[in-house]
Amino acid sequence: MLVLTEEYSEKVGAFVRNTRLDSIPRDEALHQLLTAVDFHPEKEEVSVSNACGRVTSHPVIAERSMPPHASAAMDGIAVQAEMLQGASLEKPVLLREGRDFIYINTGDLLPSAFDSVVMIEKVKVVDKDRVQVDEPVNPWKHVRQPGEDVAEGEVILSARHTIRPVDQGVLLAAGVEQVSVLRRPRVGILPTGSEMVPPGLPLERGQLREFNGTVFKSLLEECGAEPDYRGVVPDRKEILSQEISRAVDMCDMVVVNAGSSAGSRDFTPKVLQDLGDVLLHGVATRPGKPVVIAVVKGKPVLGLPGYPVSAYLSFDWFVRPLIQKWYGLGRDSVHVVSARLNQDVQGKMGAEDFIRMQTAYVNGEYVASPLPGGAGVTMSVVRAASWLRIPQDVQRYHAGERVTLELVKPLEAIRKTLLLAGCDDPLLDWLGAEASTCCPGWSIQREVMEEEEGWKRLRNGGCHALVVYRRAGTPDGFVRICIAERDMGWITGSTVSKPVTCAADLLRPGLRFINLPPGSGIRERIKRMLEAKQNVGSVPNGWERVETSHWKAAASLSEGTADVMVGPYSVAKHYGLIWRPAWVEPLDLIVPVTVWEETAGNTLKKILLSQAFRSAAQRLGGYNLSQMGQLV
């Protein structure tokens, strides 16, 4: 029998204990890990009720409008606005219940006989059958239009979007009951140590409670992974090798806790080297240095230190980013950021206001704009990247002022948000919807505004690009890129017996027209068409109402609360509305050269030229794509 001398045993023990660890910078270590593996998660269908925390596999569109019909936005009485023309304190209008009005509560369906709601505070009861009103109302006053919150056909969630409770509400309101999501990664958890005892079993002298595994399980669930706690592995090399092999076969990634240092019983590095490829052993951090990163059978296996603080820090540094890569998500943990306001933000004295904010990173600084803040506009919560807290003793923040924002999206996601200002078009929804598919982590947000205001925003560095539908000279310092040419036309709802085919038809008696806001080029074009016609008559009072979104306008036509609009063929096609051609116009992007030549511009170019976006445009219909993505 061979007997080792005491001197030799000490040398061997010293060698085993003092094996040199690497000292790789943490960012470099993470880069090595993320570039060493590639994920292709499967898709699965889940009910929206069980979808919180899941990640969408493709864009989700609304299957119905919310609200689906015109409804009361206030408690009061439903009336015909025409009945109250000329009402005043000196000459109040007397109304009889059942004939001239009905009582109505917030959220109630507005009967087709009425077009407005008078707030109950404005109503004076005369007797049990009659009331009087002493001021006029405009048509559709205090009425929520079909699709005010979300319109059928709108993209409500993009691909690679983590579903939150507010998203579940929007999905269900929009008629979506099942949603396609990416399968959760299964992560094996292997605590090691012969002295460790899992929860629920009694401890004996010299034993320790194994609790890191429970912490990892909860952290993994928080990250959207499926934890697979596989029990404590004793400090025996052959057993550890067997258990890691089994875990790799059953899971998408594996976390081995403890045994990653350089002690005589730290077998993890050697076992991983035998089973696969060790990328590194040791990072330049304290605590957390003895981390092992390996790839076994194409799957990442991480040996994390046994000390709790080191283990949890290492988890955040390496495991969490792995799961985010699985889903194609960005990552960051910063909770506040300083940003410049694109426009004034109004608060109310005496109350602390929280304003939902759209936030992006443009030309080296964060910029932010308030989203619609109505109590019923839940999509603004879905789209918000941050909140602006306005203290109760502050009434207003001014455009250009710097404010501190409280983030609800990771800072990295905000830095990878492209902000577009300008006109509306359904195709732009899909430009954003496909962004993260071809450029993981990137997203697109839009602010609809008239062109003059958009140019001001662009020149002030408040957005990455401007969407325009009029082709003119491009100023120095900017490039013009073609998105598509779109077919614009007269869109008529089923409430009209004879389709509208020209501008003059808009003035038919009784037609309810949805126009674009003042300053819109399309609005001005229609005005010029009318002015060029002979004998068209005057524009009737209450003839039009304004809507910035083609989807929302079409939802009203489909529901019958409006008769005609001007819009792209794609919207009419989706709703099955009558469409007659009016003109063809370009849909272009104006981008500052400084943006176009940087990462944001390259990303935008990649999305524009992607097959996914082209396919979306072809499905929508009504677009000429021959120059898509080309400089004009």
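State yes or no: is residue 240 in contact with a Phe, Trp or Tyr (Cβ under 7 Å, 6 or more places away or on another chain), modelled with pLDDT under 95 and aliphatic (A, V, I, L, M)? In short, yes.
For the range 576-617, the set of residues classified as open to solvent by 80 Å² or more (accessible area, probe 1.4 Å) and at pLDDT 95 or above consists of 580, 581, 584, listed by residue number. For residue 83, the requirement of being more than 18 Å from the chain's Cα centre (by Cα), assigned to a helix (DSSP H, G or I) and either in contact (Cβ under 8 Å) with a residue 12 or more places away in the chain or surrounded by fewer than 21 Cβ atoms within 10 Å (Cβ to Cβ) (or both) is met.
Can you spot a residue in the range 433-448 that is of a type in the set (Ser, Thr, Tyr) and under 21 Å from residue 570 (Cα atoms)? Among the residues of the range 433-448, not one is of a type in the set (Ser, Thr, Tyr) and under 21 Å from residue 570 (Cα atoms), which makes the answer no. In the range 133-154, the residues that are closer than 23 Å to residue 446 by Cα reach residues that are open to solvent by 50 Å² or more (accessible area, probe 1.4 Å) and of a type in the set (Lys, Arg) with C-beta atoms within less than 7 angstrom, at least six apart or across chains, in these pairs: 152/64. When residue 627 is tested against the conditions (1) touching a strand residue (DSSP E or B) at 6+ places or on another chain (Cβ under 9 Å); (2) over 22 Å from residue 485 (Cα atoms), the lone failure is (2).
Checking each residue in the range 86-121 for being surrounded by 13 or more Cβ atoms within 10 Å (Cβ to Cβ) and among the polar types (S, T, N, Q) picks out 106, 116. On the stretch given as the range 269-302, residues that are small (Gly, Ala, Ser) and within 17 Å of residue 25 (Cα to Cα) total 4. When residue 414 is tested against (1) out of contact with any helix residue (DSSP H, G or I) (no Cβ under 9 Å at 6 or more places or on another chain); (2) outside any helix (DSSP H, G or I), only condition (2) is not met. Applying the condition of being of a type in the set (D, E, K, R) and closer than 30 Å to residue 303 by Cβ to the range 168-195 and asking which residue is most open to solvent (accessible area, probe 1.4 Å) yields 184.
Taken residue by residue, the range 439-455 has at least one member that is hydroxyl-bearing (Ser, Thr, Tyr) and buried (at least 19 other Cβ atoms within 10 Å of the Cβ).
Taking the range 46-70 as the range and being farther than 23 Å from residue 620 by Cβ and either within 16 Å of the chain's Cα centre (by Cα) or not hydroxyl-bearing (Ser, Thr, Tyr) (or both) as the test, the residues that pass are 46, 48, 50, 51, 52, 53, 54, 55, 67, 69, 70. Filtered by the rule that a residue be open to solvent by less than 70 Å² (accessible area, probe 1.4 Å), assigned to a loop (DSSP other than H, G, I, E, B) and small (Gly, Ala, Ser), the range 196-237 gives 206, 224, 225, 231.
The values are calculated or read from the model by the stated rules, or taken from the named source; none is laboratory data. Since we're looking at a predicted model, the values are computed, not measured. Counting neighbours? That spans all protein chains shown, and the Cβs are built from the backbone with ideal geometry, glycine included. The protein model used for the area step is the full one, side chains on, heavy atoms only, and it has no ligands, DNA or RNA in it. Shrake-Rupley method; radii C 1.70, N 1.55, O 1.52, S 1.80 Å.
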